[in-house]
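One structure below.
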Amino acid sequence: MVKNTEINLSAFSRDLKKAPSDAVVIGVGQGSDGPALLENPLTAKSAEALSESLKVLGVTGAADQLVRLPGLPETGAGVIVLAGVGKIRDGQQLSEETLRRAAGSAVRQLAGLTTVVLALPTAGVADVAAVAEGAAMGAYSFTEYRSSTDGLKEPVRNVAVFTEFAADKGLQPALTRAALIGKAVNATRSLVNQPPSHLYPESFAEAAKELSKGLPVKVTVWDEKRLEKEGFGGIMGVGKGSTRQPRLVKVEYAPTKATAKIALVGKGITFDTGGISIKPALGMGDMKSDMAGAAVVLNTVLAIAGLGLPVKATAWLCIAENMPSGAASRPADVLTMFGGKTVEVLNTDAEGRLVMADGIVAASQEFPDAIIDVATLTGAQLIALGNRTAGVMGADSVTGPLKAAADRAGELVWPMPLPEELRPSIDSQVADLANIGERHGGMMTAAVFLREFVGKGKDGEPIPWAHIDIAGPSFNNGSPYGYTHKQGTGCTVRTLLAYVEDVLAQAA
Ligand code: BES
Ligand code: MN
Ligand code: ZN
(Lines give C-alpha, C1' and ligand atoms only; values in the text may rest on other atoms or scores of the structure.)
(Ligands and ions follow the chains in the order given, each with its own letter.)
Protein backbone atom coordinates (compact mmCIF):
# COMPACT_ATOMS: atom_id res chain seq x y z
CA MET A 1 0.00 0.00 0.00
CA VAL A 2 1.23 3.51 -0.87
CA LYS A 3 4.28 2.94 -3.02
CA ASN A 4 4.70 5.95 -5.26
CA THR A 5 7.59 6.12 -7.69
CA GLU A 6 9.74 9.12 -6.97
CA ILE A 7 10.71 11.74 -9.49
CA ASN A 8 14.33 12.71 -10.26
CA LEU A 9 14.71 16.48 -10.10
CA SER A 10 17.72 18.38 -11.44
CA ALA A 11 18.59 21.80 -12.79
CA PHE A 12 20.90 22.99 -15.56
CA SER A 13 21.82 26.17 -17.40
CA ARG A 14 23.83 24.67 -20.26
CA ASP A 15 22.97 24.43 -23.88
CA LEU A 16 19.64 22.62 -24.34
CA LYS A 17 21.20 20.30 -26.90
CA LYS A 18 23.46 18.85 -24.20
CA ALA A 19 20.45 17.81 -22.11
CA PRO A 20 18.52 15.45 -24.36
CA SER A 21 14.86 15.08 -23.37
CA ASP A 22 11.49 13.99 -24.74
CA ALA A 23 10.06 17.49 -24.51
CA VAL A 24 11.05 21.05 -23.64
CA VAL A 25 8.30 23.03 -21.94
CA ILE A 26 8.08 26.79 -22.55
CA GLY A 27 5.56 29.14 -20.91
CA VAL A 28 2.93 31.26 -22.62
CA GLY A 29 0.97 33.92 -20.74
CA GLN A 30 -2.27 35.73 -21.45
CA GLY A 31 -1.05 39.29 -21.83
CA SER A 32 -3.02 42.48 -22.46
CA ASP A 33 -2.39 42.11 -26.24
CA GLY A 34 -3.05 38.38 -26.46
CA PRO A 35 -0.75 35.38 -25.96
CA ALA A 36 2.86 36.17 -25.05
CA LEU A 37 5.78 33.75 -25.19
CA LEU A 38 7.61 33.94 -21.85
CA GLU A 39 11.38 34.10 -21.35
CA ASN A 40 12.89 30.93 -22.86
CA PRO A 41 16.14 29.33 -24.00
CA LEU A 42 15.34 29.36 -27.75
CA THR A 43 17.40 31.44 -30.14
CA ALA A 44 16.01 34.94 -30.65
CA LYS A 45 15.11 34.03 -34.23
CA SER A 46 13.11 30.91 -33.26
CA ALA A 47 11.41 32.69 -30.37
CA GLU A 48 10.30 35.49 -32.66
CA ALA A 49 8.95 33.11 -35.28
CA LEU A 50 7.09 31.17 -32.59
CA SER A 51 5.69 34.35 -31.04
CA GLU A 52 4.27 35.38 -34.38
CA SER A 53 2.46 32.08 -34.94
CA LEU A 54 0.90 31.74 -31.47
CA LYS A 55 -2.53 33.05 -32.45
CA VAL A 56 -2.71 30.93 -35.61
CA LEU A 57 -1.70 27.89 -33.58
CA GLY A 58 -4.66 28.53 -31.26
CA VAL A 59 -2.35 29.13 -28.32
CA THR A 60 -4.05 31.41 -25.77
CA GLY A 61 -1.79 31.04 -22.74
CA ALA A 62 -4.76 30.04 -20.56
CA ALA A 63 -3.80 28.05 -17.46
CA ASP A 64 -3.68 24.27 -18.17
CA GLN A 65 -3.50 24.75 -21.94
CA LEU A 66 -0.86 22.49 -23.46
CA VAL A 67 0.12 22.63 -27.13
CA ARG A 68 2.75 20.31 -28.64
CA LEU A 69 4.91 21.37 -31.59
CA PRO A 70 7.78 19.64 -33.40
CA GLY A 71 11.17 20.30 -31.81
CA LEU A 72 13.81 22.62 -33.28
CA PRO A 73 17.44 21.65 -33.96
CA GLU A 74 18.49 23.81 -30.98
CA THR A 75 16.19 22.16 -28.39
CA GLY A 76 17.69 18.67 -28.12
CA ALA A 77 14.12 17.39 -27.77
CA GLY A 78 11.67 15.88 -30.22
CA VAL A 79 8.90 18.16 -29.06
CA ILE A 80 8.41 21.73 -27.88
CA VAL A 81 5.50 22.07 -25.49
CA LEU A 82 3.78 25.41 -24.97
CA ALA A 83 2.27 25.52 -21.50
CA GLY A 84 -0.29 28.18 -20.54
CA VAL A 85 0.35 29.98 -17.26
CA GLY A 86 -2.83 32.12 -17.28
CA LYS A 87 -3.12 35.89 -16.99
CA ILE A 88 0.14 37.82 -16.79
CA ARG A 89 0.68 41.50 -16.13
CA ASP A 90 3.12 43.09 -18.53
CA GLY A 91 6.56 43.40 -16.99
CA GLN A 92 5.61 41.47 -13.84
CA GLN A 93 7.20 38.24 -12.70
CA LEU A 94 5.12 35.10 -12.28
CA SER A 95 4.15 34.21 -8.72
CA GLU A 96 5.61 31.03 -7.23
CA GLU A 97 2.16 29.42 -7.24
CA THR A 98 1.69 30.28 -10.93
CA LEU A 99 4.99 28.50 -11.64
CA ARG A 100 4.00 25.53 -9.46
CA ARG A 101 0.70 25.14 -11.28
CA ALA A 102 2.16 25.60 -14.77
CA ALA A 103 4.95 23.09 -14.13
CA GLY A 104 2.55 20.68 -12.44
CA SER A 105 -0.02 20.91 -15.20
CA ALA A 106 2.58 20.30 -17.92
CA VAL A 107 4.17 17.33 -16.13
CA ARG A 108 0.75 15.88 -15.30
CA GLN A 109 -0.42 16.14 -18.93
CA LEU A 110 2.88 14.85 -20.33
CA ALA A 111 2.49 11.48 -18.53
CA GLY A 112 3.81 8.77 -20.83
CA LEU A 113 7.05 10.67 -21.53
CA THR A 114 10.15 9.84 -19.50
CA THR A 115 12.30 12.98 -19.43
CA VAL A 116 11.03 16.54 -19.56
CA VAL A 117 12.88 19.87 -19.49
CA LEU A 118 10.97 22.75 -17.86
CA ALA A 119 12.15 26.08 -19.22
CA LEU A 120 9.83 28.48 -17.39
CA PRO A 121 11.05 31.93 -16.30
CA THR A 122 12.81 31.80 -12.90
CA ALA A 123 13.96 34.90 -11.03
CA GLY A 124 15.73 33.06 -8.20
CA VAL A 125 16.15 29.77 -6.36
CA ALA A 126 12.66 30.05 -4.81
CA ASP A 127 11.18 30.05 -8.31
CA VAL A 128 13.21 26.99 -9.30
CA ALA A 129 11.93 25.30 -6.13
CA ALA A 130 8.36 26.18 -7.07
CA VAL A 131 8.78 24.71 -10.56
CA ALA A 132 10.32 21.56 -9.06
CA GLU A 133 7.54 21.21 -6.44
CA GLY A 134 4.87 21.60 -9.10
CA ALA A 135 6.59 18.95 -11.23
CA ALA A 136 6.85 16.53 -8.30
CA MET A 137 3.12 16.92 -7.56
CA GLY A 138 2.18 16.70 -11.24
CA ALA A 139 4.00 13.37 -11.64
CA TYR A 140 1.49 11.14 -9.90
CA SER A 141 -0.82 8.25 -10.70
CA PHE A 142 -2.79 5.71 -8.70
CA THR A 143 -2.87 2.30 -10.37
CA GLU A 144 -2.58 -0.09 -7.41
CA TYR A 145 -5.95 -1.69 -8.05
CA ARG A 146 -5.73 -2.16 -11.83
CA SER A 147 -5.24 -5.76 -12.98
CA SER A 148 -3.23 -4.43 -15.91
CA THR A 149 -1.49 -1.13 -16.56
CA ASP A 150 -1.40 -1.70 -20.33
CA GLY A 151 -2.44 1.47 -22.07
CA LEU A 152 -2.02 3.59 -18.93
CA LYS A 153 0.55 6.37 -19.13
CA GLU A 154 3.24 6.37 -16.49
CA PRO A 155 4.11 9.61 -14.70
CA VAL A 156 7.15 11.52 -15.99
CA ARG A 157 10.24 10.11 -14.26
CA ASN A 158 12.93 12.78 -14.83
CA VAL A 159 12.49 16.54 -14.75
CA ALA A 160 15.31 18.99 -15.45
CA VAL A 161 14.68 22.67 -14.74
CA PHE A 162 16.40 25.02 -17.17
CA THR A 163 17.52 28.03 -15.10
CA GLU A 164 20.39 30.44 -14.75
CA PHE A 165 20.42 29.61 -10.99
CA ALA A 166 21.49 25.99 -11.56
CA ALA A 167 24.86 26.57 -9.86
CA ASP A 168 23.49 28.57 -6.90
CA LYS A 169 24.53 27.06 -3.57
CA GLY A 170 20.93 27.07 -2.34
CA LEU A 171 19.76 25.01 -5.26
CA GLN A 172 20.45 21.45 -4.12
CA PRO A 173 18.69 21.87 -0.72
CA ALA A 174 15.77 23.49 -2.55
CA LEU A 175 15.46 20.52 -4.93
CA THR A 176 15.74 18.05 -2.05
CA ARG A 177 12.94 19.88 -0.22
CA ALA A 178 10.82 19.95 -3.38
CA ALA A 179 11.23 16.19 -3.87
CA LEU A 180 10.32 15.58 -0.23
CA ILE A 181 7.22 17.75 -0.50
CA GLY A 182 6.19 15.87 -3.63
CA LYS A 183 6.69 12.58 -1.81
CA ALA A 184 4.62 13.71 1.20
CA VAL A 185 1.78 15.12 -0.93
CA ASN A 186 1.68 12.03 -3.18
CA ALA A 187 1.71 9.64 -0.21
CA THR A 188 -1.21 11.60 1.27
CA ARG A 189 -3.10 11.33 -2.02
CA SER A 190 -2.50 7.59 -2.25
CA LEU A 191 -3.81 7.01 1.28
CA VAL A 192 -6.93 9.06 0.48
CA ASN A 193 -7.42 7.18 -2.81
CA GLN A 194 -7.31 3.76 -1.13
CA PRO A 195 -10.64 1.94 -1.24
CA PRO A 196 -12.24 1.38 2.19
CA SER A 197 -12.15 -2.38 1.51
CA HIS A 198 -8.39 -2.13 1.85
CA LEU A 199 -7.83 0.93 4.07
CA TYR A 200 -9.54 0.41 7.43
CA PRO A 201 -8.31 1.36 10.91
CA GLU A 202 -5.93 -1.59 11.39
CA SER A 203 -4.45 -1.37 7.88
CA PHE A 204 -4.13 2.43 8.16
CA ALA A 205 -2.09 1.95 11.35
CA GLU A 206 0.07 -0.59 9.51
CA ALA A 207 0.52 1.83 6.59
CA ALA A 208 1.64 4.52 9.05
CA LYS A 209 4.31 2.15 10.37
CA GLU A 210 5.35 1.19 6.86
CA LEU A 211 5.71 4.82 5.71
CA SER A 212 7.72 5.63 8.86
CA LYS A 213 10.36 2.96 8.14
CA GLY A 214 13.88 4.34 7.90
CA LEU A 215 12.94 7.66 9.51
CA PRO A 216 13.86 8.72 13.07
CA VAL A 217 10.26 8.57 14.35
CA LYS A 218 8.49 6.50 16.98
CA VAL A 219 5.11 5.00 16.12
CA THR A 220 2.70 3.90 18.88
CA VAL A 221 -0.61 2.20 18.09
CA TRP A 222 -3.55 1.97 20.50
CA ASP A 223 -5.75 -1.01 19.59
CA GLU A 224 -9.40 -1.25 20.66
CA LYS A 225 -8.55 -2.94 23.97
CA ARG A 226 -6.16 -0.21 25.03
CA LEU A 227 -8.51 2.53 23.75
CA GLU A 228 -11.34 1.06 25.83
CA LYS A 229 -9.17 0.60 28.92
CA GLU A 230 -7.77 4.15 28.81
CA GLY A 231 -11.15 5.75 28.20
CA PHE A 232 -11.03 6.96 24.59
CA GLY A 233 -14.83 7.10 24.47
CA GLY A 234 -15.03 9.28 21.35
CA ILE A 235 -12.93 7.02 19.12
CA MET A 236 -14.55 3.85 20.55
CA GLY A 237 -18.06 5.30 20.34
CA VAL A 238 -17.66 6.06 16.63
CA GLY A 239 -15.81 2.83 15.80
CA LYS A 240 -17.89 0.29 17.63
CA GLY A 241 -20.50 -0.07 14.88
CA SER A 242 -17.90 -1.55 12.56
CA THR A 243 -16.36 -5.02 12.47
CA ARG A 244 -13.09 -3.16 11.76
CA GLN A 245 -12.03 -1.94 15.20
CA PRO A 246 -10.69 1.62 15.71
CA ARG A 247 -7.11 2.73 16.31
CA LEU A 248 -5.23 5.71 17.66
CA VAL A 249 -1.78 6.18 16.15
CA LYS A 250 0.88 8.51 17.53
CA VAL A 251 3.87 9.35 15.32
CA GLU A 252 6.59 11.22 17.20
CA TYR A 253 9.62 12.98 15.86
CA ALA A 254 11.75 14.30 18.75
CA PRO A 255 15.23 15.45 17.69
CA THR A 256 17.64 16.36 20.49
CA LYS A 257 18.05 19.99 19.40
CA ALA A 258 14.41 21.11 19.19
CA THR A 259 13.40 24.76 19.58
CA ALA A 260 9.62 24.21 19.34
CA LYS A 261 7.03 21.54 20.07
CA ILE A 262 4.00 21.12 17.79
CA ALA A 263 1.11 18.64 17.95
CA LEU A 264 -0.93 17.77 14.86
CA VAL A 265 -4.23 15.91 15.20
CA GLY A 266 -5.93 14.33 12.17
CA LYS A 267 -9.40 12.91 11.49
CA GLY A 268 -9.04 9.36 10.24
CA ILE A 269 -12.53 8.08 9.42
CA THR A 270 -11.64 5.40 6.86
CA PHE A 271 -15.26 5.38 5.70
CA ASP A 272 -18.14 7.58 6.84
CA THR A 273 -21.57 6.10 6.16
CA GLY A 274 -23.02 8.47 8.73
CA GLY A 275 -23.71 5.53 11.05
CA ILE A 276 -27.33 5.15 12.26
CA SER A 277 -27.92 8.75 11.04
CA ILE A 278 -27.06 7.28 7.65
CA LYS A 279 -26.07 9.42 4.65
CA PRO A 280 -27.91 9.37 1.30
CA ALA A 281 -26.49 6.96 -1.31
CA LEU A 282 -25.52 9.64 -3.85
CA GLY A 283 -21.81 10.30 -3.65
CA MET A 284 -21.31 8.26 -0.49
CA GLY A 285 -18.25 6.64 -2.04
CA ASP A 286 -16.40 9.96 -1.69
CA MET A 287 -16.48 9.32 2.06
CA LYS A 288 -13.48 7.04 1.63
CA SER A 289 -11.63 10.36 1.80
CA ASP A 290 -12.82 11.10 5.36
CA MET A 291 -9.39 10.09 6.67
CA ALA A 292 -7.58 12.84 4.72
CA GLY A 293 -6.75 14.85 7.86
CA ALA A 294 -4.95 11.87 9.43
CA ALA A 295 -3.06 11.22 6.18
CA VAL A 296 -2.01 14.90 6.11
CA VAL A 297 -0.68 15.04 9.69
CA LEU A 298 1.12 11.71 9.27
CA ASN A 299 2.93 12.77 6.10
CA THR A 300 3.70 16.23 7.46
CA VAL A 301 5.52 14.78 10.47
CA LEU A 302 7.35 12.32 8.20
CA ALA A 303 8.42 15.21 5.92
CA ILE A 304 9.60 17.21 8.97
CA ALA A 305 11.64 14.16 10.07
CA GLY A 306 12.95 13.67 6.54
CA LEU A 307 14.17 17.26 6.47
CA GLY A 308 15.63 16.93 9.98
CA LEU A 309 14.00 20.16 11.21
CA PRO A 310 14.80 21.10 14.83
CA VAL A 311 11.22 20.75 16.10
CA LYS A 312 9.40 18.18 18.18
CA ALA A 313 6.45 17.20 16.04
CA THR A 314 3.80 14.65 16.98
CA ALA A 315 0.97 13.43 14.77
CA TRP A 316 -2.14 11.94 16.39
CA LEU A 317 -4.19 9.87 13.94
CA CYS A 318 -7.76 9.33 15.22
CA ILE A 319 -8.91 6.36 13.17
CA ALA A 320 -12.30 4.64 13.05
CA GLU A 321 -14.88 3.44 10.54
CA ASN A 322 -18.37 4.95 10.96
CA MET A 323 -20.87 2.17 10.22
CA PRO A 324 -24.49 1.45 11.13
CA SER A 325 -25.05 -1.87 12.91
CA GLY A 326 -26.57 -3.41 16.02
CA ALA A 327 -23.38 -2.46 17.84
CA ALA A 328 -23.30 1.15 16.60
CA SER A 329 -23.87 4.29 18.69
CA ARG A 330 -27.46 5.56 18.59
CA PRO A 331 -28.68 9.14 18.47
CA ALA A 332 -29.16 10.12 22.17
CA ASP A 333 -26.33 7.88 23.40
CA VAL A 334 -23.92 9.52 25.83
CA LEU A 335 -20.16 8.96 25.45
CA THR A 336 -17.47 9.67 28.04
CA MET A 337 -14.59 11.15 26.13
CA PHE A 338 -10.86 10.84 26.93
CA GLY A 339 -10.29 13.18 29.87
CA GLY A 340 -13.81 12.69 31.30
CA LYS A 341 -16.14 15.15 29.52
CA THR A 342 -19.46 13.64 28.44
CA VAL A 343 -21.12 14.12 25.03
CA GLU A 344 -24.65 13.36 23.92
CA VAL A 345 -24.52 12.00 20.36
CA LEU A 346 -27.56 13.55 18.72
CA ASN A 347 -26.40 12.77 15.20
CA THR A 348 -24.04 9.85 14.54
CA ASP A 349 -22.95 11.54 11.29
CA ALA A 350 -21.22 14.26 13.34
CA GLU A 351 -18.59 11.64 14.19
CA GLY A 352 -15.43 13.51 13.22
CA ARG A 353 -15.61 15.88 16.18
CA LEU A 354 -16.00 12.87 18.52
CA VAL A 355 -12.78 11.14 17.44
CA MET A 356 -10.95 14.49 17.20
CA ALA A 357 -11.97 15.44 20.75
CA ASP A 358 -10.13 12.40 22.13
CA GLY A 359 -7.08 13.21 20.00
CA ILE A 360 -7.01 16.87 21.08
CA VAL A 361 -7.23 15.91 24.77
CA ALA A 362 -4.41 13.36 24.33
CA ALA A 363 -2.25 15.93 22.49
CA SER A 364 -2.92 18.55 25.20
CA GLN A 365 -1.57 16.26 27.94
CA GLU A 366 1.94 16.69 26.48
CA PHE A 367 1.86 20.51 26.68
CA PRO A 368 2.88 21.37 23.10
CA ASP A 369 3.47 25.03 22.10
CA ALA A 370 0.56 24.71 19.67
CA ILE A 371 -2.03 22.17 18.54
CA ILE A 372 -3.25 22.17 14.94
CA ASP A 373 -6.00 19.78 13.95
CA VAL A 374 -6.89 18.88 10.37
CA ALA A 375 -10.22 17.29 9.49
CA THR A 376 -12.75 16.72 6.71
CA LEU A 377 -15.21 17.85 9.33
CA THR A 378 -18.27 19.46 7.77
CA GLY A 379 -20.32 19.75 4.60
CA ALA A 380 -20.83 23.33 5.81
CA GLN A 381 -17.19 24.03 4.91
CA LEU A 382 -18.10 23.48 1.24
CA ILE A 383 -21.12 25.76 1.53
CA ALA A 384 -19.06 28.52 3.15
CA LEU A 385 -15.79 28.38 1.21
CA GLY A 386 -16.31 26.06 -1.74
CA ASN A 387 -14.30 23.17 -3.12
CA ARG A 388 -10.82 24.57 -2.98
CA THR A 389 -10.45 26.80 0.08
CA ALA A 390 -9.91 25.32 3.54
CA GLY A 391 -11.37 27.04 6.60
CA VAL A 392 -9.09 27.87 9.51
CA MET A 393 -10.43 28.70 12.99
CA GLY A 394 -9.05 29.06 16.50
CA ALA A 395 -6.57 31.24 18.37
CA ASP A 396 -5.34 34.26 16.40
CA SER A 397 -1.77 33.44 17.43
CA VAL A 398 -1.99 30.25 15.34
CA THR A 399 -4.52 31.10 12.62
CA GLY A 400 -2.62 34.25 11.56
CA PRO A 401 0.70 32.46 11.02
CA LEU A 402 -1.15 29.54 9.38
CA LYS A 403 -2.76 31.87 6.84
CA ALA A 404 0.65 33.43 6.12
CA ALA A 405 2.20 29.97 5.74
CA ALA A 406 -0.57 28.89 3.36
CA ASP A 407 -0.01 32.02 1.26
CA ARG A 408 3.69 31.25 1.07
CA ALA A 409 3.05 27.60 0.20
CA GLY A 410 0.48 28.51 -2.45
CA GLU A 411 -2.51 26.84 -0.78
CA LEU A 412 -5.94 28.38 -0.30
CA VAL A 413 -7.09 28.80 3.30
CA TRP A 414 -9.36 31.42 4.81
CA PRO A 415 -9.82 32.41 8.48
CA MET A 416 -13.32 32.14 9.93
CA PRO A 417 -14.50 33.45 13.32
CA LEU A 418 -15.76 31.51 16.32
CA PRO A 419 -18.70 33.71 17.41
CA GLU A 420 -19.63 33.28 21.07
CA GLU A 421 -23.35 32.89 20.32
CA LEU A 422 -22.64 29.46 18.82
CA ARG A 423 -21.48 28.01 22.13
CA PRO A 424 -24.93 27.61 23.82
CA SER A 425 -26.17 25.77 20.72
CA ILE A 426 -24.06 22.72 21.68
CA ASP A 427 -25.48 22.53 25.22
CA SER A 428 -27.11 19.17 25.94
CA GLN A 429 -30.14 18.35 28.11
CA VAL A 430 -28.36 15.38 29.66
CA ALA A 431 -24.58 15.57 29.13
CA ASP A 432 -21.80 18.21 29.22
CA LEU A 433 -22.16 18.83 25.48
CA ALA A 434 -24.17 17.75 22.44
CA ASN A 435 -22.34 16.79 19.23
CA ILE A 436 -24.52 19.02 17.03
CA GLY A 437 -25.72 22.60 17.37
CA GLU A 438 -26.52 25.62 15.18
CA ARG A 439 -26.77 24.42 11.58
CA HIS A 440 -26.07 27.78 9.97
CA GLY A 441 -22.33 28.29 9.99
CA GLY A 442 -21.98 24.59 10.85
CA MET A 443 -18.22 24.65 10.14
CA MET A 444 -17.80 27.10 12.99
CA THR A 445 -20.20 25.18 15.28
CA ALA A 446 -18.00 22.10 14.85
CA ALA A 447 -14.89 24.15 15.70
CA VAL A 448 -16.58 25.57 18.81
CA PHE A 449 -17.21 21.96 19.87
CA LEU A 450 -13.54 21.00 19.34
CA ARG A 451 -12.37 24.06 21.31
CA GLU A 452 -13.99 22.59 24.45
CA PHE A 453 -11.36 19.82 24.40
CA VAL A 454 -8.23 21.94 24.06
CA GLY A 455 -6.31 21.68 27.35
CA LYS A 456 -4.40 24.25 29.34
CA GLY A 457 -0.65 24.69 29.07
CA LYS A 458 1.81 24.72 31.98
CA ASP A 459 1.10 28.46 32.32
CA GLY A 460 -2.57 27.72 33.00
CA GLU A 461 -3.66 29.35 29.74
CA PRO A 462 -5.39 27.42 26.93
CA ILE A 463 -2.83 25.85 24.58
CA PRO A 464 -2.73 27.89 21.32
CA TRP A 465 -4.88 25.86 18.91
CA ALA A 466 -6.17 26.02 15.36
CA HIS A 467 -8.57 23.82 13.43
CA ILE A 468 -8.42 23.40 9.64
CA ASP A 469 -11.54 22.06 7.90
CA ILE A 470 -10.50 20.46 4.58
CA ALA A 471 -13.81 18.76 3.67
CA GLY A 472 -13.80 20.39 0.21
CA PRO A 473 -10.17 20.89 -0.82
CA SER A 474 -8.92 17.43 0.24
CA PHE A 475 -10.81 15.63 -2.54
CA ASN A 476 -11.22 16.69 -6.15
CA ASN A 477 -14.29 15.09 -7.72
CA GLY A 478 -14.05 17.43 -10.71
CA SER A 479 -11.49 17.63 -13.50
CA PRO A 480 -7.76 17.78 -12.83
CA TYR A 481 -6.07 21.21 -12.96
CA GLY A 482 -2.55 22.52 -12.33
CA TYR A 483 -0.72 19.95 -10.20
CA THR A 484 -4.05 18.74 -8.76
CA HIS A 485 -5.21 15.32 -9.93
CA LYS A 486 -8.62 13.72 -9.53
CA GLN A 487 -9.59 12.36 -6.08
CA GLY A 488 -7.10 12.88 -3.20
CA THR A 489 -5.32 16.23 -3.49
CA GLY A 490 -2.82 16.05 -0.61
CA CYS A 491 -3.75 19.60 0.36
CA THR A 492 -2.51 21.18 3.62
CA VAL A 493 0.77 19.24 3.88
CA ARG A 494 2.59 22.20 2.32
CA THR A 495 0.86 24.73 4.58
CA LEU A 496 1.74 22.81 7.76
CA LEU A 497 5.34 22.36 6.68
CA ALA A 498 5.64 26.07 5.85
CA TYR A 499 4.05 26.92 9.23
CA VAL A 500 6.62 24.81 11.10
CA GLU A 501 9.48 26.36 9.10
CA ASP A 502 8.16 29.85 9.92
CA VAL A 503 7.86 29.02 13.65
CA LEU A 504 11.47 27.77 13.61
CA ALA A 505 12.69 30.87 11.76
CA GLN A 506 11.04 32.98 14.51
CA ALA A 507 12.64 30.90 17.28
CA ALA A 508 16.11 31.14 15.72
N1 BES B 1 -17.30 13.65 6.81
C2 BES B 1 -18.43 14.51 6.91
C3 BES B 1 -18.18 15.91 6.33
C4 BES B 1 -17.93 15.97 4.85
C5 BES B 1 -18.96 16.27 3.99
C6 BES B 1 -16.67 15.83 4.33
C7 BES B 1 -18.74 16.37 2.64
C8 BES B 1 -16.43 15.92 2.97
C9 BES B 1 -17.48 16.21 2.12
C10 BES B 1 -18.81 14.68 8.38
O11 BES B 1 -18.56 13.59 9.19
C12 BES B 1 -20.28 14.92 8.44
O13 BES B 1 -21.01 14.05 8.04
N14 BES B 1 -20.68 16.08 8.95
C15 BES B 1 -22.05 16.42 9.05
C16 BES B 1 -22.27 17.13 10.38
C17 BES B 1 -23.70 17.41 10.70
C18 BES B 1 -24.44 16.12 10.99
C19 BES B 1 -23.75 18.33 11.89
C20 BES B 1 -22.42 17.34 7.89
O21 BES B 1 -21.61 18.19 7.55
O22 BES B 1 -23.49 17.15 7.33
MN1 MN C 1 -20.13 12.18 9.18
ZN1 ZN D 1 -17.04 12.36 8.60
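The values are calculated or read from the model by the stated rules, or taken from the named source; none is laboratory data. All values reported here derive from a predicted model rather than from experimental measurement. Quick reminder, even Gly has a Cβ in these numbers, built from the backbone with ideal geometry, and neighbours come from all protein chains shown. Heads up: the accessible areas ignore ligands, DNA and RNA and are worked out on the full protein's heavy atoms, side chains in. Shrake-Rupley method; radii C 1.70, N 1.55, O 1.52, S 1.80 Å.
Residues within the reach of a label modelled at H440 (point 7 angstrom out along Cα to beta-carbon, backbone nitrogen below 11 Å), restricted to segment 389-417: there are none.
The lysines within cross-link reach of K229, meaning a Cα-to-Cα straight distance under 27 Å and a gap of 8 or more places when in the same chain, are K209, K218, K240, K250, K267, K341, K456, K458. Annotation note: trypsin sites (Lys or Arg not before Pro) in segment 412-503 located in DSSP loop regions with a Cβ neighbour count of at most 12 within 10 Å are R439, K458. Residues within the reach of a label modelled at A44 (point 7 angstrom out along Cα to beta-carbon, backbone nitrogen below 20 Å), restricted to segment 69-84, are 73-75. Considering the zone a paramagnetic label at Q506 would reach in this model (a point 7 Å from Cα along the Cα-to-Cβ line), which residues of segment 456-471 have amide N under 20 Å from it? It comes to 456-469, nothing else. Modelled spin-label separation between S32 and D286, with each label point placed 7 Å from Cα along the Cα-to-Cβ direction: 4.1 nm.
Of the residues I436, I470, the one with the largest accessible area comes first in the ranking I436, I470, computed with a 1.4 Å probe on protein heavy atoms.
Each residue of segment 36-47 was assigned a 3J(HN,Hα) from its phi angle through the Karplus expression (A = 6.51, B = -1.76, C = 1.60, θ = phi - 60°), giving 10, 5, 7, 2, 7, x, 6, 5, 4, 5, 5, 4 Hz with x at Gly and Pro. Shown is the FRET efficiency for A111 and A62, computed with R0 = 22 Å from the Cβ-Cβ distance and rounded to the nearest 0.05: 0.60. When you count the other C-beta atoms within 10 angstrom of each residue and take the mean per peptide, 42-55, 177-190 line up highest first as 177-190, 42-55.
The lysine pair tally for segment 8-165, using Cα distances under 22 Å and a gap of 8 or more places or different chains, is 4. The modelled label-to-label distance for the pair K18/R388, using points 7 Å beyond Cα in the direction of Cβ, is 4.0 nm. Take the Cβ-Cβ distance between T5 and K213 as r, set R0 to 22 Å, and report the resulting FRET efficiency rounded to the nearest 0.05. Efficiency for this residue pair is about 0.80. Measuring from label point to label point, each 7 Å out along Cα→Cβ, what is the E164 to S53 span in nm? Simple spin-label model gives 2.8 nm for this pair.
Compute the signed sum of charges (Lys and Arg +1, Asp and Glu -1) over the other residues within less than 14 Å, Cβ to Cβ, of P173. Net charge in that neighbourhood comes out at -1. Taking Cβ atoms as reference points and 12 Å as the exclusive limit, the residues near E452 contribute a net charge of +2, counting Lys and Arg as +1 and Asp and Glu as -1.
Taking R0 as 35 Å, what's the FRET efficiency between K87 and K486 from their Cβ-Cβ distance, rounded to 0.05?
Efficiency, rounded to the nearest 0.05: 0.90.
Apolar share of the accessible surface for segment 184-507: 54 percent from carbon plus sulfur atoms, 1.4 Å probe.
Reported to the nearest whole Å, the Cα centre-to-centre distance from segment 364-382 to segment 83-99 is 34.
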